[in-house]
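Structure, as structure tokens:
The values are calculated or read from the model by the stated rules, or taken from the named source; none is laboratory data. On a predicted model such as this, the values are computed, not experimentally measured, just so you know. Because the Cβ atoms are built from the backbone with ideal geometry, glycine has one as well, and the counts that use them run over all protein chains shown. Remember, those area values only see protein heavy atoms, side chains included, never the ligands or the DNA or RNA. Shrake-Rupley method; radii C 1.70, N 1.55, O 1.52, S 1.80 Å.
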Amino acid sequence: RRRSNAIPPPAWATAVALQMPQDRDGAAHAALVQRLQVEHFAEDIEPPPEARLWSQDELTAFFESGGEARPLRCSTLDVQVVRMPSGRRVRAFLISDMHCDHAQNLDWMRDHLPPRKPGCFDVVVCCGDVSDNLDILRRVLVLLRSRFNEVLFTPGNHELWANRDPDGSTSLHRLETVRQLCDTCGVRTDPV
């Protein structure tokens, strides 16, 4: 027997490769649910309404767990939709690891951010590591907000460092402080 030198795919690849559901009609979904309930001795477990969007593997996991396992999905119910005025183009920018604690980085960023362009709706996603100093972070967020129509921010490890906070707060406290700062500056931290 020959051994394969192939490297097995990582666990996340298997999860991504799960068969996603077809757009099942009500009868097909009901038949699938009934079949899986019988197979897994789960006739007394009713799936929630959103289960119509689950794959067969996800439904199986739900019934095998006694109704406890649910797929991890991002809910779009609380996502705010941003509508652009008609006729405008979207330009999207991504920036991260600016480390503006160093003055030369802040100066470089200020000098190299793209100017607003007529007819464009500019969005920037800032992926964190701006500064662990909240005053510097505020200055950068205000600068980004002045140059872009929408600013989305995800805190990095530098923003969550609690080593400068004398009151013994934790990174979770810092996260909430950074979120409040973003709200004050008109910067989004929630899905959009």
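Given the conditions (1) closer than 30 Å to ASP190 by Cβ; (2) open to solvent by 50 Å² or more (accessible area, probe 1.4 Å); (3) at pLDDT 90 or above, which single one is not true for ILE95? With (1) closer than 30 Å to ASP190 by Cβ; (2) open to solvent by 50 Å² or more (accessible area, probe 1.4 Å); (3) at pLDDT 90 or above applied to ILE95, the lone miss is (2). Residues in segment 25-45 that are within 33 Å of the chain's Cα centre (by Cα), surrounded by 12 or more Cβ atoms within 10 Å (Cβ to Cβ) and not in a helix (DSSP H, G or I): ILE45 only.
The set of residues in segment 138-162 being under 21 Å from ASP107 (Cα atoms), aliphatic (A, V, I, L, M) and more than 21 Å from the chain's Cα centre (by Cα) consists of VAL140, VAL142, LEU143. Just one of (1) touching a Pro at 6+ places or on another chain (Cβ under 8 Å); (2) more than 24 Å from SER171 (Cβ to Cβ) fails for LEU113. It is (1).
Need a quick list: helices (runs of 4 or more DSSP H) entirely within segment 46-151 having at least 1 residues that are in contact with a His (Cβ under 7 Å, 6 or more places away or on another chain).
Ranges flagged: 56-64, 103-112.
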